[in-house]
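This report refers to the structure that appears directly beneath it.
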Amino acid sequence: MFEYENILGQSIVSVLKKIFDDSAQCIAIEQRGKVLANVLNITIPIIITFSLFNFFYSYTALAIVQLASLLLVVPAWLLARRATMLAASEFLALFSVAVVLLYLIYDGGIAGLGFIWGWLFPFIAFYVAGIRQGWYWCIGFLTAASTIFLLSLGITATYDMDTRVLFFTAYFFYLIIGYWFNAIRFQYLFSLEKKVRARTAQIEYASLHDALTDMPNRLHITNYIQTLIDQKSGGFAVLNLDINRFSEINNVLGYDNGDQLLKAFAERVHSYADSNLFTGRIGGDEFVMVLHDLPAEKSDHEIKTSVLEHAKRLQKAMEQPYNINGAMIELEITIGVELPSPRNTNASHLISRANFACHTAKKTHDKVAVYDSEQDANSARQIQIFTGLKRAMQNDELKLFYQPKVDMRLGRVTDVEALLRWNSADEGLIPPNHFIPVAESTGLIHPVTRYVLNEAMRQQALWIKNRYHINIAINLSARNLMEPDFISSITASLNRHDVSPGNFTLEITESATMGQPEKALQIIHELKAIGFSLSLDDYGTGYTSLSYLKNMPVDELKIDQSFIFNCLESDMDSAIIQSTIALVSNLGLTVVAEGIENQEVWDRLKEMGCDKGQGYFIARPMPADEFLQWLKSSGWSCS
């Protein structure tokens, strides 16, 4: 008997928890705020319309109550898009609805049927506040309505017993209907959000891992090394492993067996790795191994000797025969090494040096070679660019070009991106990808960025004076966020040219917060507080996750052009773009696609729901005066 009562009691508790606990059915707070804002967008004009109607038909008291409810509804609408004030917004919205509906019951309305409106409340309460809070509101409303009915407080209608029974019966009926409707709705939304997160996680994983071997890919390796550099995680060396004459092996064995060999090679590399090693494949027959936590107390010579011994043991292990479908395959492995050095400030350059050392080893027929800057022509070129860039800033050789961004729905130019160009007196036009990395690695990026900010703000002031209202996007380096006086410098530029920060968008790459995330985020929030719009640039090429987007106060997200180029041919790139647009749109951010080069890509992105587009299909970057001429003669109008 007691056991039966215990089971019955547990069942009742379980049912009550399922009814009142909506923790598994809640949706993201951003989505809740968006839903509430949309409801209030409809509610406000409805209240105004009904109040005018009641004034016209002499229901003055009811009209006054409805208009008075706007004192609650309007603040609720203003607070709805602020996540921290969402609970207050929901309370004000539901309280105003409850007041109006209770007054209709109290007043009686037309022909004494005002109580019928009270049946709507359960739907509204569950829709706005969720399941658990919705129950509280429904019970509270029923209590207030019961007081009016049971005490016969109606002033224009006396509610008889049949009316009371009708009201309560119908109210409980609609209460159950409203509950189940919204419970199913919340479950669907939660399931949808769960699928989006899972899909995003898959896309993020795929973007960071090699499809064949499932090892970290070039992007993942580069980000990992850059993190070690930025965090100053101690000494580390980079080893570049290359399979000699792998193309010949492919030709003899076939590509399928070649792939099997690469998988077997990757498994052996992975099995060789320990806690001090990070391994990955950068493409083709090239693999990278990062040997970190090298002892700081050892001399450079001792570290070099230790790393070379490690590389030789690795090389011998990787040259042991591989069994591929019964055939024993022997490989020749060459390893290039980049040792710890103060020059290691850029991950891509570091990988390139290890790769250069690997090619040097092949030329000299060595098994292992260490990077030698004297043999690397790129080093001399970087010095040449460094000295030339310093002179360029003094001789006014740097110019800003502007590339338009177009609203894909309206076909209007809304923004331009300021892009730096270097017209060298000695060499002519030098591409940005040649001198920007040098500026990044040498510290010249700080005066270069100050020049860009000052010039863009000067140009904005001139455009505003001539009644051209176009937002200018400016790229920021991760190193700019670490500059001690960056905020004061950018504020001084605003004051110097008397322009508003609202006329500018600052574009920040995904890796901007990796080195010192707390400090970088603090600067980003300060820039947002000043009034700048913020854009997350090169999305899809770094470690961006949902938590990253949540913490970054960005207004816009730019999908990297590497995905845009192949979106018509690559199902994976198309899926990444589609999922990104869906996710980011739900977060209330603007989505920009860069690198649009033809009508077909434009049409495809527009069909996906992309907000803005940028690329050669619209226009190439151009000087400010040419941009205005283009704007007048092109088919794209200005917003």
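Please work out which residue is most open to solvent (accessible area, probe 1.4 Å), limiting yourself to region 514-532 and to residues that are at pLDDT below 85 and farther than 18 Å from residue 204 by Cα. Going through the qualifying residues, I end up with 518.
Being open to solvent by less than 50 Å² (accessible area, probe 1.4 Å), farther than 27 Å from residue 629 by Cα and not in a strand (DSSP E or B): is that true of residue 335 here? No: the conditions fail for residue 335. Residues that are farther than 25 Å from residue 193 by Cα, at pLDDT 70 or above and open to solvent by less than 40 Å² (accessible area, probe 1.4 Å) do occur in region 49-60. Tell me whether region 492-499 contains one or more residues that are open to solvent by less than 10 Å² (accessible area, probe 1.4 Å), out of contact with any Pro (no Cβ under 7 Å at 6 or more places or on another chain) and closer than 23 Å to residue 612 by Cβ. Checked region 492-499: no residue is open to solvent by less than 10 Å² (accessible area, probe 1.4 Å), out of contact with any Pro (no Cβ under 7 Å at 6 or more places or on another chain) and closer than 23 Å to residue 612 by Cβ. Taking region 533-639 and the helices (runs of 4 or more DSSP H) fully enclosed by it, the elements with 1 or more residues that are open to solvent by less than 40 Å² (accessible area, probe 1.4 Å), of a type in the set (Ser, Thr, Tyr) and free of Cβ contacts under 8 Å to residues at least 60 places away in the same chain are at 546-551, 571-586.
For beta carbons closer than 6 Å, sequence separation of 6+ or different chains, a first residue in region 125-140 that is on the phi < 0 side of the Ramachandran plot and of a type in the set (D, E, K, R) and a second that is in a loop (DSSP other than H, G, I, E, B) and open to solvent by 10 Å² or more (accessible area, probe 1.4 Å), the qualifying pairs are 132/22.
Residues in region 279-288 that are assigned to a loop (DSSP other than H, G, I, E, B) and open to solvent by less than 20 Å² (accessible area, probe 1.4 Å): none. Right, residue 433: without any contact (Cβ under 8 Å) to a residue 40 or more places away in the chain and either farther than 14 Å from residue 419 by Cα or of a type in the set (Lys, Arg) (or both) or not? No; evaluated as a whole, the condition is false for this residue. Would region 441-462 turn up any residue that is buried (at least 18 other Cβ atoms within 10 Å of the Cβ), without any contact (Cβ under 8 Å) to a residue 60 or more places away in the chain and aromatic (Phe, Trp, Tyr)? Scanning region 441-462, I find no residue that is buried (at least 18 other Cβ atoms within 10 Å of the Cβ), without any contact (Cβ under 8 Å) to a residue 60 or more places away in the chain and aromatic (Phe, Trp, Tyr), so the answer is no.
Just checking, does region 95-110 include any residue being in contact with a Leu (Cβ under 7 Å, 6 or more places away or on another chain) and either open to solvent by 50 Å² or more (accessible area, probe 1.4 Å) or farther than 30 Å from residue 164 by Cβ (or both)? Scanning region 95-110, I find at least one residue that is in contact with a Leu (Cβ under 7 Å, 6 or more places away or on another chain) and either open to solvent by 50 Å² or more (accessible area, probe 1.4 Å) or farther than 30 Å from residue 164 by Cβ (or both), so the answer is yes.
Scanning region 73-87 for any residue that is at pLDDT below 80 and of a type in the set (Phe, Trp, Tyr) turns up nothing. When residue 81 is tested against (1) open to solvent by 40 Å² or more (accessible area, probe 1.4 Å); (2) under 39 Å from the mean Cα position of the chain (by Cα); (3) of a type outside the set (S, T, N, Q); (4) closer than 25 Å to residue 59 by Cα, just one condition goes unmet, and that condition is (4). So, in region 432-476, exactly how many residues are part of a helix (DSSP H, G or I), more than 18 Å from residue 534 (Cα to Cα) and out of contact with any helix residue (DSSP H, G or I) (no Cβ under 9 Å at 6 or more places or on another chain)? Of the residues in that region, 5 qualify. Could you list all residues from region 200-220 that are touching a residue at least 40 places away in the same chain (Cβ under 8 Å) and either among the hydroxyl-bearing types (Ser, Thr, Tyr) or under 19 Å from residue 516 (Cα atoms) (or both)? Selection gives 200, 207, 213, 220. Can you confirm whether region 408-425 contains a residue that is out of contact with any strand residue (DSSP E or B) (no Cβ under 6 Å at 6 or more places or on another chain), in a helix (DSSP H, G or I), open to solvent by 20 Å² or more (accessible area, probe 1.4 Å) and not charged (D, E, K, R)? Within region 408-425, not a single residue is out of contact with any strand residue (DSSP E or B) (no Cβ under 6 Å at 6 or more places or on another chain), in a helix (DSSP H, G or I), open to solvent by 20 Å² or more (accessible area, probe 1.4 Å) and not charged (D, E, K, R). Here residue 300 passes the criteria (1) over 38 Å from the mean Cα position of the chain (by Cα); (2) among the acidic types (Asp, Glu); (3) at pLDDT 85 or above except the one numbered (3). Taken together, the criteria exclude residue 480 from residues that are touching a strand residue (DSSP E or B) at 6+ places or on another chain (Cβ under 8 Å) and either open to solvent by 40 Å² or more (accessible area, probe 1.4 Å) or within 20 Å of residue 555 (Cβ to Cβ) (or both). Can you confirm whether region 470-477 contains a residue that is of a type outside the set (Phe, Trp, Tyr) and surrounded by fewer than 18 Cβ atoms within 10 Å (Cβ to Cβ)? Taking every residue of region 470-477 in turn, at least one turns out to be of a type outside the set (Phe, Trp, Tyr) and surrounded by fewer than 18 Cβ atoms within 10 Å (Cβ to Cβ). Between 317, 296, the distinction of being aliphatic (A, V, I, L, M), surrounded by fewer than 18 Cβ atoms within 10 Å (Cβ to Cβ) and in a loop (DSSP other than H, G, I, E, B) belongs to 296 only. Under the condition of being under 31 Å from the mean Cα position of the chain (by Cα) and of a type outside the set (A, V, I, L, M), the residues counted in region 389-417 number 13.
When region 447-474 is filtered for residues that are charged (D, E, K, R) and more than 13 Å from residue 494 (Cα to Cα), the ones remaining, listed by number, are 465, 467. Only helices (runs of 4 or more DSSP H) whose full extent lies in region 162-278 are considered here, and the ones with at least 1 residues that are at pLDDT below 85 and open to solvent by 80 Å² or more (accessible area, probe 1.4 Å) are 246-253, 255-272.
The values are calculated or read from the model by the stated rules, or taken from the named source; none is laboratory data. On a predicted model such as this, the values are computed, not experimentally measured, just so you know. Counting neighbours? That spans all protein chains shown, and the Cβs are built from the backbone with ideal geometry, glycine included. Remember, those area values only see protein heavy atoms, side chains included, never the ligands or the DNA or RNA. Shrake-Rupley method; radii C 1.70, N 1.55, O 1.52, S 1.80 Å.
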